[in-house]
Structures are given as structure tokens and as C-alpha cells.
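Step one of this worksheet: look at the structure below.
The values are calculated or read from the model by the stated rules, or taken from the named source; none is laboratory data. All of these numbers come straight from a predicted model, not from anything done at the bench. A quick note on method: Cβ atoms are made from the backbone with ideal geometry, for glycine too, and the neighbour counts reach across all protein chains shown.
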């Protein structure tokens with residue numbers, strides 16, 4: 001029997017019209033990814049009854065849910081649907097803002113095992129978090145955190161009538177060549193400081209809803225939308241430090257532009273620097289400021305975060 005090889009695992013995705021149900025004759029989109037740790041998480045109850053022989057009386061399976069992360073590089077047009085689910089919204093004239101619409105999908109992992117392959121599927125999947133990391137001389141990396149309802153019985157056959165759309169082929173973004181128009185501005189920050197590294201974390205604070213008499217979750221609720229992160233800034237002058245001390249409202253935006261000219265613009269119109277200050281790192285290192293930040297609602301854009309796409 002052939003064992004499954006990690007380099008041949010296919011990840012496919014399809015949106016659900018009914019939460020927790022794989023569509024009939026689904027058109028799966030094959031996804032680009034680096035690693036995936038999605039799994040069915042069981043909850044067990046270990047009996048605490050006392051036995052005179054000191055043995056465990058029993059272990060009961062009391063529930064299950066789906067959790068995990070999918071690690072990817074970031075490229076144009078590859079994750080637009082995932083961004084919609086993450087921001088609980090829909091692209092409108094190529095602009096996406098955080099909203100309140102519930103969106104779910106089903107994921108399918110195909111494990112190549114020779115003549116007979118194995119298919120493991122997960123349903124009711126919600127996109128809870130995204131960690132987007134930009135570091136000089138490195139690819140732009142994304143970590144997607146998901147939560148789901150259940151996993152149908154594993155099988156050795158595709159869903160009846162299923163088709164598979166090939167993955168995109170757009171070039172990966174990298175923080176050395178593909179980040180442009182990085183703007184960090186406030187009353188004090190007239191010109192943007194130079195940035196060595198930046199991380200952006202988006203979370204929906206999704207929570208699981210359980211009910212008596214049901215093995216899997218009844219569903220999930222949307223918590224508060226939050227966009228936060230941190231930056232490593234070169235200490236060029238007192239402007240950034242002054243913005244921290246004065247608790248100024250700061251605007252942050254940046255473009256990701258690939259070699260073909262395809263572009264995303266991420267905009268956080270209202271941000272507060274939560275902390276930070278220059279340190280003395282010692283010989284052979286620049287002085288930097290580690291600045292954690294958090295965005296909040298902007299009435300002008302009607303959102304906390306706006307993503308704009310522009311294809312060539």
C-alpha cells in the first residue's frame with residue numbers, strides 16, 4: 001500500500017450556500033498553500049469516578065469541532081474569496097471592507113495513495129484570523145486561522161459531479177520588491193518612517209455555539225472585528241516617538257504590487273500606536289522602535305480596514 005506524501009496533498013475549497021453542507025456537484029477551487037494543520041478536534045470526558053483498584057473507569061467521546069491554520073504565500077487573485085470570508089463582506093467595485101455577512105466554505109484534502117486516494121473534507125468552515133507578515137528581503141507570508149463545524153466520513157471517492165478549477169499562477173508578493181507607497185502619517189509624522197518589518201493581524205473573534213443533544217457545534221457567532229499589528233521602525237528622528245507619546249491618530253496604508261502590475265492596497269485610516277520607544281541594541285545594529293498598533297472605526301470609509309484590488 002502506498003503511503004501519502006506531503007508534497008502531493010491537494011487542498012480544494014468551495015463556498016457553501018447552506019452552512020455546513022457541501023454543494024451538489026461542487027466546483028472546487030484548488031488552492032495554493034505551504035502547510036495546513038486543519039483537523040477534526042475531539043473533546044473527551046475522562047471519568048473521575050473512584051475505583052478501589054485505581055483504574056480509569058472509562059473515556060467518553062462528547063463532542064467535536066474543526067480547527068486549524070493554513071499557511072500560504074500571498075499572491076494576487078489567489079485568495080480573494082478567502083478575504084471576503086475573513087472580512088465578512090463582498091467585493092464591490094474592487095473594494096472590500098469589513099462587514100457582518102456570514103460566509104462559510106467546505107475544504108477538501110486529497111491524499112494521493114496510488115490506485116486509491118483518500119479524501120478528507122471539512123464543512124462549515126469560517127475564516128477567523130489572518131496574520132500577514134512583511135519582512136525585508138522575504139516573501140509576504142499569510143497564516144489563515146479557521147474554525148468549522150464537522151467532518152463528513154472520510155472516503156475514497158470524489159463528491160459526485162465534482163470538478164476542480166486549477167490554482168492561480170500569479171507571482172508571489174515579496175516585501176523587498178512588491179511593497180510600495182507605504183504611508184504612515186499623523187500630525188507629527190509628516191513623512192513616513194522607514195520600516196524593517198510589519199505584521200498585520202485581522203481577527204473576527206469567532207466563538208463556537210454548542211447545544212444539548214448535538215455532537216458538533218450548532219454554529220458560530222461573530223465577535224468584534226479587530227485589526228492590529230506591530231512595526232519595526234528605524235529611529236531616524238523624534239516624529240514616530242512623539243506620535244506614540246501624544247497618542248496621535250495615525251493612518252497606515254501600503255500597496256502590494258506584483259511584477260505584472262496587479263495591486264492590492266491595504267488601508268487602515270485610523271490607528272493608535274499602543275506603545276514603543278527607542279532602545280540601545282549595542283554594536284552593529286540600528287536603533288529601532290518596536291511599535292504595536294491597533295486600528296479603529298473610520299466613519300469616512302465606513303470601516304476599520306479597506307482592501308482595494310487593481311488588476312492589469
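Matching residues to (1) in contact with a strand residue (DSSP E or B) (Cβ under 7 Å, 6 or more places away or on another chain); (2) within 28 Å of residue 265 (Cα to Cα); (3) at pLDDT below 95; (4) buried (at least 16 other Cβ atoms within 10 Å of the Cβ):
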{"position": "128", "(1), (2), (3), (4)": "yes, yes, no, yes"}
{"position": "154", "(1), (2), (3), (4)": "yes, no, yes, no"}
{"position": "187", "(1), (2), (3), (4)": "no, yes, yes, no"}
{"position": "200", "(1), (2), (3), (4)": "yes, yes, no, yes"}
Scan region 18-34 and give yes if some residue there is closer than 24 Å to residue 118 by Cα, free of Cβ contacts under 8 Å to residues at least 40 places away in the same chain, touching a helix residue (DSSP H, G or I) at 6+ places or on another chain (Cβ under 9 Å) and surrounded by 10 or more Cβ atoms within 10 Å (Cβ to Cβ), otherwise no. no
List the residue pairs whose Cβ atoms are under 6 Å apart, where the first residue sits in region 267-293 and is touching a residue at least 40 places away in the same chain (Cβ under 8 Å), the second is assigned to a loop (DSSP other than H, G, I, E, B) and surrounded by fewer than 14 Cβ atoms within 10 Å (Cβ to Cβ), and the two are 6 or more positions apart or on different chains. 278/287; 292/274; 292/275
Which condition breaks for residue 62 when tested against (1) surrounded by fewer than 17 Cβ atoms within 10 Å (Cβ to Cβ); (2) modelled with pLDDT of 95 or more? (2)
In region 161-168, is there at least one residue being over 20 Å from residue 253 (Cα atoms), crowded, with 18+ Cβ neighbours inside 10 Å and in contact (Cβ under 8 Å) with a residue 24 or more places away in the chain? yes
Within region 100-132, can you find the residues that are part of a strand (DSSP E or B) and touching a helix residue (DSSP H, G or I) at 6+ places or on another chain (Cβ under 6 Å)? 127, 130
Those strands (runs of 3 or more DSSP E) completely within region 133-205 that have 3 or more residues that are closer than 30 Å to residue 288 by Cβ are 141-148, 179-185, 195-203
Tally of residues being within 26 Å of residue 235 (Cβ to Cβ) and part of a strand (DSSP E or B) across region 262-311: 17
Considering each of 68, 63, 77 in turn, give the residue that is touching a residue at least 24 places away in the same chain (Cβ under 8 Å) and either part of a loop (DSSP other than H, G, I, E, B) or touching a helix residue (DSSP H, G or I) at 6+ places or on another chain (Cβ under 9 Å) (or both). 77
Can you find even one residue in region 209-228 that is more than 30 Å from residue 42 (Cβ to Cβ), surrounded by fewer than 16 Cβ atoms within 10 Å (Cβ to Cβ) and in contact (Cβ under 8 Å) with a residue 40 or more places away in the chain? no
Inter-residue pairs, beta-carbon under 6 Å, first at positive phi and in contact (Cβ under 8 Å) with a residue 24 or more places away in the chain and in region 35-59, second assigned to a loop (DSSP other than H, G, I, E, B) and surrounded by 11 or more Cβ atoms within 10 Å (Cβ to Cβ), 6+ apart: none
